[in-house]
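Worksheet for the structure shown next.
The values are calculated or read from the model by the stated rules, or taken from the named source; none is laboratory data. Just so we're clear, the structure is a prediction, and the values are computed from it rather than from any experiment. Glycine also receives a Cβ, built like all others from the backbone with ideal geometry; neighbour counts cover every protein chain displayed. With ligands, DNA and RNA removed, areas are computed over all heavy atoms of the protein, side chains included. Shrake-Rupley method; radii C 1.70, N 1.55, O 1.52, S 1.80 Å.
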Amino acid sequence: MSEKFANPVLVIVDHVGNETEGFTLTEPSKHLLKVARTLTDSDVWALALNPSPQMGALGECGVSKVFVPDLAGRSPRVSAVVAECAIAATEIQPPAPISAILCLSNYRGREVASILGAHFESGAATDVTALAVKDGQLVAHKSVLGGQWETTFTIPRGLPIAAVRPGAGQAPEVKPVATPGVVPLNVRFSSVTDAISVISSEELHAEGPTLTEAAVVVCAGYGTDGDLDAVNDLAEKLGAAVGATRTVCDEGWLPRTAQIGQTGVSVAPKLYISAGVSGAVHHTCGIAGAERIVAIVDDEEAPIVQIADLSIIGDLQEIIPAALAELG
Ligand SMILES: Cc1cc2nc3c(=O)[nH]c(=O)nc-3n(C[C@H](O)[C@H](O)[C@H](O)COP(=O)(O)OP(=O)(O)OC[C@H]3O[C@@H](n4cnc5c(N)ncnc54)[C@H](O)[C@@H]3O)c2cc1C
């Protein structure tokens, strides 16, 4: 039986939505809460960054306590705001020692983790792909050097902080909590935090699901030769988000925000379908969280074939229309 912490693990969770239409806990956050459950015999707590967290979904993920800070108009997109909320959650009275703080390893999460690591004079691991507890310490795994090496390390001092890649780590079924407690947080934000404010933010891809949230991702590779009609048609049919390899973004066929991989985003869909992708490690390290991988590629020796659950060898411009015809 694997070792666990005796104290709660705090998870910084993300929601999408707004106050008018309501907030929805993101799939990567749900996954991370279940990963947290594997690390402690005690409670899993969540820090939510909106005034109306999705309590039902948090309870289903085994969360017993939800910290809800009053941001007083500040944006949760500012990493320092989020970090100071997490610090405030660790200072509630009476004190409740926390074993570890987890967040998602995205652009904001990596910054949040570093600020927290510096504040607690402990350490922060980012881009983590798996977590465990050994000898009372958090053990983190991460792939480095373009995914060619897997490293295992620990934070031996103070409160460990880990930013975990979306969808990474084992997430077993958890025992739901019927009614998680809500703890309002009054945070004394520092002047450093208030030195940054968000002037505006607009969603660039309002159509279709977000790449990192989507249950199905169709990824365009260089083999599309810039003709993305088939990929877009398949994505539309499946309600999927469209991703890309770096070469596709380098060519300007899709925006850089679509890039999946080491220098792009990580995705963790239930189904990832690649079209004309060779499967370089720089790319496949970004799909480690995918449940099922289907590769459409004309080269049976391509590395993607080695990791795919199903490979369809041939011309994507013939295979995808044929598949769409089957789907009706
Ligand atoms: C430091 C570093 C970081 C990097 N970061 C990233 C990253 O974040 N993300 C990323 O994706 N890459 C990244 N790369 C680049 C990566 O190494 C690969 O070059 C890139 O992923 C290859 O993209 P691709 O599979 O689209 O193209 P290719 O490797 O050219 O593969 C195209 C594939 O399509 C097949 N094909 C051609 N025509 C057809 C057709 N008609 N039908 C079906 N199949 C066809 C070909 O046989 C081939 O297998 C990085 C590289 C470095 C050095």
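Remarks
- Considered as a group, the residues in the stretch 263-278 that are surrounded by fewer than 22 Cβ atoms within 10 Å (Cβ to Cβ) and within 11 Å of the ligand (Cβ to nearest atom) include one that is nearest to Leu32 (Cα to Cα), and that residue is Val265.
- Tallying residues that are in contact (Cβ under 8 Å) with a residue 60 or more places away in the chain and open to solvent by 20 Å² or more (accessible area, probe 1.4 Å) within the stretch 6-17 yields 4.
- In the stretch 189-200, residue farthest from the chain's Cα centre (by Cα) [restricted to those that are part of a loop (DSSP other than H, G, I, E, B) and without any contact (Cβ under 8 Å) to a residue 12 or more places away in the chain]: Ser191
- Of all residues in the stretch 45-71 being farther than 14 Å from Val182 by Cβ and over 17 Å from the mean Cα position of the chain (by Cα), the one that is most open to solvent (accessible area, probe 1.4 Å): Glu60
- From the list Ile307, Ile260, Ile319, Ile313, the one residue that fits, being open to solvent by 60 Å² or more (accessible area, probe 1.4 Å), within 9 Å of the ligand (Cβ to nearest atom) and of a type in the set (A, V, I, L, M), is Ile313.
- For Gly279, the criteria (1) within 20 Å of Glu27 (Cβ to Cβ); (2) in contact with a Pro (Cβ under 7 Å, 6 or more places away or on another chain) hold in every case but one, which is (1).
- Within the stretch 66-77, one or more residues are of a type in the set (S, T, N, Q) and at pLDDT below 95.
- Residue list for the stretch 262-280, filter: modelled with pLDDT of 90 or more and more than 21 Å from Leu327 (Cα to Cα): Val277, Ser278, Gly279, Ala280
- Boolean, Asp299 is surrounded by fewer than 17 Cβ atoms within 10 Å (Cβ to Cβ) and within 7 Å of the ligand (Cβ to nearest atom): yes
- Strands (runs of 3 or more DSSP E) completely within the stretch 73-188 that count 1 or more residues being closer than 19 Å to Leu25 by Cα: 100-104, 160-164, 181-185
- Per the conditions (1) within 13 Å of the ligand (Cβ to nearest atom); (2) of a type in the set (A, V, I, L, M, F, W, C); (3) crowded, with 24+ Cβ neighbours inside 10 Å, the sole criterion not satisfied by Cys249 is (3).
- Selected residue (only one of Ala230, Ala240, Ala214 is within 16 Å of the ligand (Cβ to nearest atom), surrounded by 18 or more Cβ atoms within 10 Å (Cβ to Cβ) and of a type in the set (A, V, I, L, M)): Ala230
- On the stretch given as the stretch 279-295, residues that are near the ligand (Cβ under 6 Å from one of its atoms) and either among the aliphatic types (A, V, I, L, M) or not assigned by TED's automatic domain parsing to the domain that holds Gly221 (or both) total 1.
- Within the stretch 162-190, considering residues that are of a type in the set (S, T, N, Q) and closer than 14 Å to Leu71 by Cα, the one surrounded by the most Cβ atoms within 10 Å (Cβ to Cβ): Ser190
- Subset of the stretch 18-44 (residues that are touching a residue at least 12 places away in the same chain (Cβ under 8 Å), in a strand (DSSP E or B) and open to solvent by 10 Å² or more (accessible area, probe 1.4 Å)): Gly22, Phe23, Thr24
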